[in-house]
Structure formats: structure tokens, C-alpha cells
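Read through the structure below, which is laid out as C-alpha cells, and then see the notes.
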């Protein structure tokens, strides 16, 4: 993992993770993974107003997670997976840490199990 004075090499990660922090925005991204959709189509399953959905879309657009086109009267939104890939790549840098941590936890749990088994045999 490369450190540059604790500044990430991906300048937009803050905006991406901020956008992903909201469950409604994550649900919108999941919907857009199935294909582009209008604000009305996106708003349908939610119990929030269309203006609220539009505000969520603006946050996602500023983060670079979606893009919107103008198609006559509609402005369909479409997922831009490259930015999600950048976030996933950043998270993947910690995979070695997770593996080590889980291996250590597994070792402790096995040790505890062996200790309990020995005490039960007494």
C-alpha cells in the first residue's frame, strides 16, 4: 500500500464514500446496475419525493458514480462503474490485513476450543 503523507492517490474517494454512506443512494446504484432509469422510475420503490431522489442523484453524479443524459423530456441516469472500481481497489489494499487478522482470530479460537476440550476431559 502506497502512502503519500497519508493522502490517497484517488482524490475523489471522499466523495465516493460519502455518497455510498447513504442507504438510499446505495439502493439507487443497485437499481441502476440493472440499466438506466428516469427519476420517476428510480423514485417508484421509495417512500420519498422525486425532488429528494433528484438530490440523491446529484450527490451520486458529483461523486462520479452516475451520469445523466438528456433524452427529450427525460434525464435518465446511468451507473458509471469506474468510480466504484476505484473504491473497491482502495478497499482491496486492506485484504492482506483482513486475512492476517482472521488467521490470528482463528488461531485464538482454536486455542480456546482446545483449552475447553482439555478442561472437559478432566
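The values are calculated or read from the model by the stated rules, or taken from the named source; none is laboratory data. In this text, all values refer to a predicted model and were calculated from it rather than measured experimentally. Reconstructed Cβ throughout: ideal geometry from the backbone, glycine too, with neighbour counts over all protein chains shown.
Of the numbered criteria (1) on the phi < 0 side of the Ramachandran plot; (2) touching a strand residue (DSSP E or B) at 6+ places or on another chain (Cβ under 9 Å); (3) part of a loop (DSSP other than H, G, I, E, B), the one residue 46 fails is (2). What about residue 61, is it under 26 Å from residue 16 (Cβ atoms) and without any contact (Cβ under 8 Å) to a residue 24 or more places away in the chain? Yes.
Only residues that are in contact with a strand residue (DSSP E or B) (Cβ under 8 Å, 6 or more places away or on another chain) and farther than 13 Å from residue 32 by Cα were counted in the range 61-89, giving 2.
Applying the criterion of being over 16 Å from the mean Cα position of the chain (by Cα) and free of Cβ contacts under 8 Å to residues at least 40 places away in the same chain to the residues of the range 8-34, the residue that is nearest to residue 69 (Cα to Cα) is 34. Of the set (1) surrounded by 13 or more Cβ atoms within 10 Å (Cβ to Cβ); (2) modelled with pLDDT under 80, all apply to residue 4 but (1). Of the candidates 68, 78, 55, the single residue that is closer than 24 Å to residue 12 by Cβ and in contact (Cβ under 8 Å) with a residue 24 or more places away in the chain is 78. Based on this model, can you work out whether residue 15 counts as farther than 30 Å from residue 96 by Cα, touching a helix residue (DSSP H, G or I) at 6+ places or on another chain (Cβ under 9 Å), surrounded by 13 or more Cβ atoms within 10 Å (Cβ to Cβ) and at pLDDT below 95? No. Got at least one residue in the range 64-87 being more than 18 Å from the chain's Cα centre (by Cα), part of a helix (DSSP H, G or I) and on the phi < 0 side of the Ramachandran plot? Within the range 64-87 (the criterion being more than 18 Å from the chain's Cα centre (by Cα), part of a helix (DSSP H, G or I) and on the phi < 0 side of the Ramachandran plot), the answer is no, since none of the residues qualifies.
Here residue 34 meets each of (1) exposed (fewer than 14 other Cβ atoms within 10 Å of the Cβ); (2) over 12 Å from residue 59 (Cα atoms); (3) modelled with pLDDT of 95 or more with one exception, condition (3).
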